[in-house]
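Below is one structure; the comments refer to it alone.
A short reminder: the numbers here are calculations on the coordinates, not readings from a lab. Since we're looking at a predicted model, the values are computed, not measured. No Cβ is skipped: glycine too gets one built from the backbone with ideal geometry, and neighbour counts run over all protein chains shown.
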Amino acid sequence: MPNFYLDALILNVDDNDGARYAKTRILTLAGFKVIEANCGAEALSKTRSYSPNLILLDVKLPDINGLEVCRQIKEDENTKHILILQTSASFIGSADKIRALDGGADNYLVEPIEPDELLANVKALLRLGRLERELRDVDRRKDEFLATLAHELRNPLGPIKNSVELWRRLEPTLQPPLESIRNTIARHSNHLAHLVDDLLDVSRISKGKISLRWEKVELKNFINSAVEQSAQAIENRKHTLNINLPQKNIWVAGDQVRLSQIVVNLLLNAAKFTEPGGNIDLSAEEIDDSVVIRLKDNGIGIADNKINSIFELFEQSGHVTDRVQDGLGIGLSLVRALVRLHGGEVHAESNGIGQGSIFEIKLPIETESLDIPTEEPAPTEETMKRILIVDDNEDGAITLAQLLELKGHDVQTAFTGASAVENASQFNPDIIFLDIGLPDFSGYEVAKRLRALPQGKVFSLIALTGYGQAHDRQTALDSGFDDHFVKPIDFKKLEAMGILI
């Protein structure tokens with residue numbers, strides 16, 4: 001028998017001593033390790049304590065019905081992966097079998113069970129469990145790879161964007177060739193950051209790990225934000241963008257950032273797949289209880305055999321003649337996923353290659369009354385700050401420091417965790433930007449040491465890192481950070497903190 005069978009632990013749950021003994025004996029003679037429980041409560045307790053690979057679970061138990069035990073195990077994040085082979089006496093009807101399978105059981109056997117039948121089912125389920133574990137491991141490794149890739153790409157993006165912004169501040173006006181070079185660097189570093197974010201978003205959405213910050217959002221607000229974010233790409237391709245939006249306010253329920261992201265991705269897609277000098281029409285109209293956002297272009301169009309798959313991950317319909325490659329093929333997949341999270345629909349139309357495309361998004365209108373604040377929030381006071389930047393990427397730390405010093409801030413840098421603690425104790429900063437991946441200590445450990453200083457409760461501690469997933473942010477907050485910024489730093493966030501930039 002293969003080793004993974006011999007290593008498997010089976011929990012045998014049955015209140016009938018004779019039936020339980022018989023099943024345990026069959027399994028132990030075949031080489032399996034078996035533990036027992038004679039009621040539902042004991043089964044749940046041993047499941048949590050021993051985490052067996054498989055549970056033989058009888059339906060009729062004296063305290064908790066076996067179907068309910070199965071449901072509780074499968075709904076618990078820590079135990080839902082455990083295989084359950086439900087068993088019952090022969091008089092149990094087919095409706096109960098269906099209930100068991102619908103409740104999460106992986107298979108169902110009716111007693112009396114022949115020894116060979118029991119062993120064959122147990123082995124089959126254990127093979128299935130092994131395959132599932134291997135797939136989960138592959139999935140975990142993929143997530144780790146994407147997180148590491150994002151971190152490694154974001155680290156060099158920080159000093160590049162800082163340097164471009166520093167260059168702009170030092171030399172606001174350049175000769176046209178140099179200005180074009182500077183804009184090219186800025187544009188492509190922004191594009192790379194956008195690709196990294198899209199990759200991680202697709203991974204999170206596919207696992208249901210993305211959460212929306214629900215609020216009532218006005219249509220023109222998120223569309224205008226999207227137009228602003230896409231303007232440079234549209235202008236670079238010399239397209240004409242025509243916008244036609246309703247005059248009255250139309251409200252939808254959703255996450256304003258994600259709603260803007262939907263429209264941004266469609267605009268960038270239209271700009272990218274339309275020959276230079278093309279036309280892009282962006283409009284919206286209220287239809288019944290929904291708002292339909294329509295984006296039309298006169299670009300390369302979509303082939304008939306691609307129209308139904310254009311929203312699939314890594315799918316692309318074609319290339320424009322002046323572009324060697326056109327991205328990763330994840331933008332439209334992300335659009336569909338985000339639209340569905342908002343309870344909406346998206347579809348594409350095209351008369352074929354060379355005939356342009358139309359993308360339509362349908363979102364439900366929010367009709368409930370709105371609680372609109374009557375007072376504007378007080379602006380954050382902008383003052384000169386004492387700032388400590390801690391990052392083992394010296395280029396990133398130095399360029400950000402130089403940028404902040406231009407506005408009169410008193411800035412120091414440190415490149416290790418130990419020097420960060422030493423500098424902070426002498427410098428008494430107002431704000432510390434702290435990288436997580438330092439060479440001597442993790443940023444989380446450094447944060448705890450900084451908070452232990454006499455002035456440790458006074459300064460603001462901001463994580464500045466290439467790791468940007470939700471659990472990274474939560475770990476930072478749990479370790480004593482006040483906030484979590486992802487590289488490359490968003491200068492608008494600095495301004496929101498009252499840091500002149």
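List the trypsin sites (Lys or Arg not before Pro) in the stretch 432-486 that DSSP assigns to loop (not H, G, I, E or B) and whose Cβ has at most 15 other Cβ atoms within 10 Å. Which are they?
On the way: sites: Lys448, Arg449, Arg451, Lys457, Arg473; in loops: Lys457.
Those satisfying the criteria are Lys457.
What distance in nm separates the simple spin-label points at Lys238 and Asp392, each placed 7 Å from Cα in the Cβ direction?
4.8
Between Tyr444 and Glu345, take the C-beta separation as r, use R0 = 41 Å, and let me know the FRET efficiency to the nearest 0.05. Could the numbers behind the result be given before it?
Working: r = 43 Å, r/R0 = 1.04.
In this case the efficiency is close to 0.45.
Tally the DSSP beta bridges in the chain and give the antiparallel ones as a percent, rounded to 5. Each step should come with its number before you reach the end.
Working: 27 of 67 bridges.
Around 40 percent of the beta bridges assigned by DSSP in the chain are antiparallel ones.
Contour minus end-to-end for Ala30 and Arg451, with contour as 0.36 nm per residue of separation and end-to-end as the Cα-Cα distance? It would help to have the intermediate numbers written out before the result.
Numbers: separation 421, 0.36 × 421 = 151.56 nm, distance 5.76 nm.
Length difference between fully extended and current span is 145.8 nm.
Counting pairs on different chains as well as pairs 8 or more places apart, how many Lys pairs in the stretch 215-364 have Cα atoms under 27 Å apart?
Close lysine pairs under the 27 Å cut-off: 18.
Apply the a/c threshold of 1.5 to the C-alpha gyration tensor of the stretch 153-290 and tell me whether it is rounded, prolate or oblate. Write down the numbers at each step before the final one.
Values: a/c = 2.10, a/b = 1.40, b/c = 1.50.
Oblate shape, in that a/c is at least 1.5 and b/c is the bigger or equal ratio.
Using a 10 Å cut-off around each Cβ, can you sort Val292, Val263 from fewest to most neighbouring Cβ atoms? Can you show the working numbers first?
Details: Val292 16, Val263 24.
Listing Val292, Val263 from fewest to most nearby Cβ atoms yields Val292, Val263.
For the stretch 244-318, which GluC sites (Glu not before Pro) pass both filters: DSSP loop (anything but H, G, I, E, B) and at most 16 other C-beta atoms within 10 Å?
Taking the stretch 244-318 and a limit of 16 other Cβ atoms within 10 Å, the loop GluC sites (Glu not before Pro) found are Glu312, Glu315.
Between Leu406 and Cys39, what is 0.36 nm times their sequence separation minus the Cα-Cα distance? Round to one decimal in nm. It would help to have the intermediate numbers written out before the result.
Numbers: separation 367, 0.36 × 367 = 132.12 nm, distance 7.16 nm.
Gain in length upon complete extension: 125.0 nm.
Does anyone have the angle between helix 331-341 and the longest principal axis of the chain? Alpha-carbon axes, 0 to 90°, nearest 10?
60
Can you give me the angle between helix 417-427 and the longest principal axis of the chain, using Cα atoms only, in degrees from 0 to 90, rounded to the nearest 10?
50
Near Gly18, within a Cβ-to-Cβ distance under 15 Å, what is the net charge of the other residues, with Lys and Arg +1 and Asp and Glu -1? All intermediate terms of the calculation are to be shown ahead of the outcome.
Details: positive: Arg20, Lys23, Arg25, Lys60; negative: Asp14, Asp15, Asp17, Glu36, Asp58, Glu111.
In short, -2.
If I fit a long axis through the Cα atoms of helix 66-75 and take the longest principal axis of the Cα atoms of the chain, what angle between them do I get, 0 to 90°, rounded to 10?
On a 0 to 90 degree scale, this one is about 20.
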